[in-house]
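This report concerns only the one structure given below.
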Amino acid sequence: MKTLFHTILTLLFFEAISHTLPPLASSFPISPNFPAVFNFGDSNSDTGELGSGLGFRLQPSYGQSYFFNPPSSGRFCNGRLIVDFLMEAIDRPYLRPYLDSISTQSYRRGCDFAAGGSTIQKANGASISPFSFGVQVSQFITFKYKVLQLIQQDEDLERYLPSGYFFKNGLYMFDIGQNDLAGAFYSKTLDQVFALIPTILDIFQDGIKRLYVEGARNFWIHNTGPLGCLAQAVSLFGRDKSKLDEFGCVSDHNQAAKLFNLQLHGLFKKLPQLYHDSRFTYVDIFAIKSDLIFNHSNYGFDHSIMVCCGTGGPPLNYNDKVNCGSTANLNGTIITAKPCNDSSKYVNWDGIHYTEAANRFVALHILTGKYSETASFWNL
């Protein structure tokens, strides 16, 4: 009798929590059933936050392949980002930066807290961005509080702002951690970077907990890509050719990315046990980007590591003293980092970020569902 009683309670529990999560479309990893999307991250998914928050202006080369007024796109790319293609796939408007005070877009379908240069760890004096993950989570909490307060005062504002239902049933996306690892290599050995990873992930987990307390239940987590295959890493850390692997990537950076992803995946498996009424999706960005870089010619790309917008020519076309689209005086010589003629043939845009063509490739592979894993308490 006791066993039957507990069985009935368990079934009722599962039925109750299943109704708190929107259904996923079959074989479609990101569902159009989510009413809103809230994104947290760094430059890989920054849709203009760094520019809106700090007045940071990108060169006109950025955004030129897609956006009508390129510099105002605020994206660290020649066009669209992975998150832009994912929003297109579920028929949603591009995510508006949280700090964007002037825009024709509304926030009803969500917004973007990601900012270029952001880290999971608390920002320090060397950080490009003050908007670390903890700050982004705090911004979200402030945003939610103010939005619900405004809607309580005027229900008509639900046409432009997310309601409580949207916050509860929305999708919370994360693409952050790359800068924690890449930045650590400037002052730490590989073993020291390895030792730092658990602390980074503890901070990340704390942010997840804070969002859960605020009602978030649907979490979408990107792991980090092959950092050692970025031209910036190869230029600064690959001068000793013994540090490079057979693909020309910096081995230490990729080892760190792999360990970070392994431990992040372990956290992903642990989180549903802590938050029973939630759903977590883990997306293997490392596998997709590695496949693209190592087999680029099979996918119509001519260059995997050499950058499109840079200076110096092969093999990297990258100089860390001259940013894409800018001009500098190096030892009496005026040098300009110009974009290539056909960005669709390049994986890397500016030494750190991918081209729109590469972002499209990654997004399409995400949408196959082959690189994502979903976990919840009842399917562990």
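The values are calculated or read from the model by the stated rules, or taken from the named source; none is laboratory data. Computed from a predicted model, the values in this text were never measured in an experiment. In this analysis, Cβ positions are derived from the backbone assuming ideal geometry, glycine residues included, and neighbour counts consider all displayed protein chains.
Structure summary
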| read-out | value |
| --- | --- |
| Any pair with Cβ under 7 angstrom, 6 or more apart, that starts in the stretch 155-173 at a residue that is more than 22 Å from Ser372 (Cβ to Cβ) and ends at one that is outside any helix (DSSP H, G or I) and among the aliphatic types (A, V, I, L, M) | Pro162/Ala36; Phe166/Ala36 |
| Enumeration of residues in the stretch 89-121 that are over 21 Å from Val147 (Cβ atoms) and at pLDDT below 95 | Ala89, Ile90, Asp91 |
| Scan of the stretch 237-286 for residues that are of a type in the set (Gly, Ala, Ser), under 18 Å from Leu227 (Cβ atoms) and part of a loop (DSSP other than H, G, I, E, B), ordered by number | Gly238, Gly248 |
| Flag if Phe166 is more than 26 Å from Leu201 (Cα to Cα), within 20 Å of the chain's Cα centre (by Cα) and part of a helix (DSSP H, G or I) | no |
| Qualifying residue in the stretch 83-98 (condition: in a loop (DSSP other than H, G, I, E, B) and within 26 Å of Ser326 (Cα to Cα)) | no |
| Hits in the stretch 322-367 - residues which are among the aliphatic types (A, V, I, L, M) and more than 15 Å from Gln59 (Cβ to Cβ) | Leu330, Ile334, Val347, Ala357, Ala358, Val362, Ala363, Leu364, Ile366, Leu367 |
| Which numbered condition Lys270 misses (of (1) under 30 Å from Val37 (Cα atoms); (2) of a type outside the set (A, V, I, L, M, F, W, C); (3) touching a residue at least 40 places away in the same chain (Cβ under 8 Å)) | (3) |
| Out of Lys168, Lys146, sole residue that is at pLDDT 95 or above and either exposed (fewer than 15 other Cβ atoms within 10 Å of the Cβ) or among the β-branched types (Val, Ile, Thr) (or both) | Lys146 |
| Some residue of the stretch 174-189 being in a helix (DSSP H, G or I), out of contact with any helix residue (DSSP H, G or I) (no Cβ under 7 Å at 6 or more places or on another chain) and under 26 Å from Pro32 (Cβ atoms) | no |
| Top-ranked residue of the stretch 36-61 - restricted to ones that are aromatic (Phe, Trp, Tyr) and closer than 25 Å to Asp91 by Cα, ranked as surrounded by the fewest Cβ atoms within 10 Å (Cβ to Cβ) | Phe40 |
| Set Ser290, Ser304, Ser297: member being surrounded by fewer than 20 Cβ atoms within 10 Å (Cβ to Cβ), of a type in the set (S, T, N, Q) and under 21 Å from Asn78 (Cβ atoms) | Ser297 |
| Subset of the stretch 308-331 that is among the hydroxyl-bearing types (Ser, Thr, Tyr) and in a loop (DSSP other than H, G, I, E, B) - its residue that is farthest from Tyr346 (Cα to Cα) | Ser326 |
| Cβ-Cβ under 6 Å pairs, at least 6 apart or on other chains, the stretch 125-138 side farther than 9 Å from Gly207 by Cβ, far side modelled with pLDDT under 90 and surrounded by 18 or more Cβ atoms within 10 Å (Cβ to Cβ) | Pro130/Ala123; Ser132/Ala123 |
